[in-house]
1. Could you tell me which of the residues 191, 229, 221, 237 is more than 17 Å from residue 145 (Cβ to Cβ), modelled with pLDDT of 85 or more and surrounded by 18 or more Cβ atoms within 10 Å (Cβ to Cβ)?
2. Given the options 71, 64, name the one that is farther than 12 Å from residue 11 by Cα and surrounded by 15 or more Cβ atoms within 10 Å (Cβ to Cβ).
3. Select from region 263-301 the residues that are on the phi > 0 side of the Ramachandran plot, in contact with a helix residue (DSSP H, G or I) (Cβ under 9 Å, 6 or more places away or on another chain) and modelled with pLDDT under 85 and list them in ascending order.
4. Taking the options 52, 2, name whichever one is under 12 Å from residue 74 (Cα atoms) and surrounded by fewer than 16 Cβ atoms within 10 Å (Cβ to Cβ).
5. Please tell me if residue 78 is in contact (Cβ under 8 Å) with a residue 60 or more places away in the chain, touching a helix residue (DSSP H, G or I) at 6+ places or on another chain (Cβ under 9 Å) and in a helix (DSSP H, G or I).
6. Just give me the residues in region 187-218 being assigned to a helix (DSSP H, G or I) and without any contact (Cβ under 8 Å) to a residue 12 or more places away in the chain, in sequence order.
7. Which residue, of 91, 85, is surrounded by fewer than 16 Cβ atoms within 10 Å (Cβ to Cβ), within 30 Å of residue 137 (Cα to Cα) and either touching a strand residue (DSSP E or B) at 6+ places or on another chain (Cβ under 7 Å) or modelled with pLDDT of 85 or more (or both)?
8. Go over the candidates 139, 117 one by one and state the one that is at pLDDT 75 or above, surrounded by fewer than 21 Cβ atoms within 10 Å (Cβ to Cβ) and under 18 Å from residue 213 (Cβ atoms).
């Protein structure tokens, strides 16, 4: 059923007020509860129309109105539609932001390589002390529910949950409300057996699905601890004779392609605790150095918003121009936040 906007607002006000008070709702209450600026007489006429449509009922003479089952149904359907639109809009914004961030990081890697004439790397930001901000469950088919999990810093992760049979709209709504009220602001290390047990108990028949969502949420948060790494200018370091013989070059290419050494560098840089201080690793000081034992690596930690940190790095020969590299990195870091905001 499609209602004109004014009638829908009045019905919504009746439902919300009755849910809050448990008392029949009169026209004077509705005039205060909406922004329609209608007289009590006009509201009474609209309420009479809603009653004729079977959306509200008058429990006894001279009393206000309460929602009928059909009224509840229309209210819930409209709410779900609006909530889904909000989620879709937010997902689109977040996805666009992720694409923009990836392009920005690739651009920074290219600038670092071009300005230093060495190889460069930059990791995507990870959320320090990851916390859940929002969860939205949507049934995609009778066997699957899509969980959209938004992490603080507005990073979005999607995961598919296996279910046995289609969930009703009310069941899905209640599960969404329970998970968000229970997990909003919760970090992965706060998801313990006690919290899971409490959520499962409140979820009732949906306890199995709730447990799967919690497990998936914890998993995607942990996955965010392994950032993407973008590199540029790998060929630059082969300009230097001490790194260009076939065996060393082959090993260095392997390190860049497999990225394990780069991930070790990122991990140590983020755990170092010196905030945005610049660090220099020479030869065997390079974490899990591998083929980079003949290189020097200069890193710095950049920040994008609250608790979002990543690593910038320059890789070159031990005889690199350290003064120039440090100056370039400081300049890039100073500009990075401005680039991101644009």
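1. 229
2. Details: 71 fails: farther than 12 Å from residue 11 by Cα.
Every option except 64 fails the conditions.
3. Going through region 263-301, the residues on the phi > 0 side of the Ramachandran plot turn out to be 273, 275, 283, 288, 290.
Adding the requirement that they be in contact with a helix residue (DSSP H, G or I) (Cβ under 9 Å, 6 or more places away or on another chain) leaves 283, 288, 290.
Across region 263-301, the qualifying residues are 288, 290.
4. Only one candidate qualifies: 2.
5. Here the answer is yes, as residue 78 does meet what is asked.
6. Within region 187-218, the first condition is being assigned to a helix (DSSP H, G or I), and the residues that meet it are 188-190, 193-218.
The answer is 189, 190, 193, 194, 197, 200, 201, 204, 207, 208, 215.
7. Values: 85 fails: either touching a strand residue (DSSP E or B) at 6+ places or on another chain (Cβ under 7 Å) or modelled with pLDDT of 85 or more (or both).
Going through 91, 85 in turn, just one is surrounded by fewer than 16 Cβ atoms within 10 Å (Cβ to Cβ), within 30 Å of residue 137 (Cα to Cα) and either touching a strand residue (DSSP E or B) at 6+ places or on another chain (Cβ under 7 Å) or modelled with pLDDT of 85 or more (or both): 91.
8. Going through 139, 117 in turn, the sole match is 139.
The values are calculated or read from the model by the stated rules, or taken from the named source; none is laboratory data. Because the structure is a prediction, the values reported are computed rather than measured. No Cβ is skipped: glycine too gets one built from the backbone with ideal geometry, and neighbour counts run over all protein chains shown.
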